[in-house]
Amino acid sequence: MQLISLRPALAVFALLVGAAQAREPISIDALARMPEIQSVSMSTDGKNLVALVAMPGSDYKDTALATWDLDNPDKAPVITPSNDRMKFIGAYAMKANRVLAMARQEWSGNIGMCGGEGRASGLTKTFVSKPYLTDISQKKFDEAFASKTRRLSTSEEIQRCLEIMGSASLVSTLPLDPDNVIINQTESGSFRSNYYLYDLRTDTTRLLSDVKDGSSPVLFSPRN
């Protein structure tokens, strides 16, 4: 009786195996090609849509940054393709018509105190990833949230390390605040991270927390 009850299941299994064998195998090109669209997000005010798309004419081998104005849904998106030096790897729709784009570029050199293969001598091949701020027109890209000042005592090695590791980052998007986000910046001299309120409309900052004892804030109000 057990053998008889298994026969339908075995028959179904045989049909599935036969169907799987009859299908065309997935080609390596299909697995390796760039997705048509990825990293999709909408701004918290509902005005813009941002995504990475396969760069037109690249045969799905490269990315481009695309923004859509949701107040004009029939309007074609604004598209900025990656280039030979900088490749888009991520995107995020911000409020105030701003866009945060992550990009990386190949880099070779002696990374010194940052560690890695070339710490003592020789070259290290790596990628340097940086966030960039632009708006929905994508006419200008600036390094996001980076400090505009540099201490005279900062060595070239430390400056290079900060460029590779990143000296600023987004901490909280404050989704209920129409203009501001919270960022942190790493001081080049002390490697201490300070927290700032960053106004996306004016690109100005206000100090929130000066971290001196190694502790850091971990919980933020979504409004203020």
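Taking the Cα centre of the range 30-89 as origin, sum charge times position over the Cβ atoms of Lys and Arg (+1) and Asp and Glu (-1), and report the length of that vector in debye to the nearest 20. Don't skip to the answer; put the middle values down first.
On the way: 6 positive and 8 negative charges, 47 e Å.
That gives the range 30-89 a dipole magnitude of about 220 debye.
Pairs 47/130; 75/130; 47/87; 75/139; 61/140; 130/212: which exceed 21 Å Cα-Cα?
From the list (47/130; 75/130; 47/87; 75/139; 61/140; 130/212), the Cα-Cα distance tops 21 Å for 47/130; 75/130; 47/87; 61/140; 130/212.
Once the range 18-81 is represented by equal point scatterers at the alpha-carbon sites, with solvent omitted, what log10 I(q)/I(0) does the Debye formula produce at q = 0.12, 0.27 Å⁻¹?
-0.44, -1.11
What length, rounded to one decimal in nm, is gained on full extension from residue 86 through to residue 187, with 0.36 nm per residue of separation minus their alpha-carbon distance?
33.8 nm
Please give the net charge around residue 27, taking every other residue with its beta carbon less than 15 angstrom from that of residue 27, where Lys and Arg add +1 and Asp and Glu add -1.
Surrounding charge for residue 27 is 0.
Enumerate the residues in the range 53-75 having an amide nitrogen under 14 Å from the point lying 7 Å beyond the Cα of residue 32 toward its Cβ.
Once the point is set 7 Å along Cα→Cβ of residue 32, 59-62 turn out to lie under 14 Å by backbone N, inside the range 53-75.
Which cross-chain or sequence-distant (5 or more) residues have an amide H under 5 Å from the amide H of residue 91, H modelled 1.01 Å from N in plane?
102
Every read-out reported here was derived from the displayed coordinates using simple, explicitly stated rules and does not represent laboratory data. The model shown is predicted, which means the values in this text are computed figures rather than measured ones. Cβ: placed from backbone, ideal geometry, glycine included. Neighbour counts: every protein chain shown.
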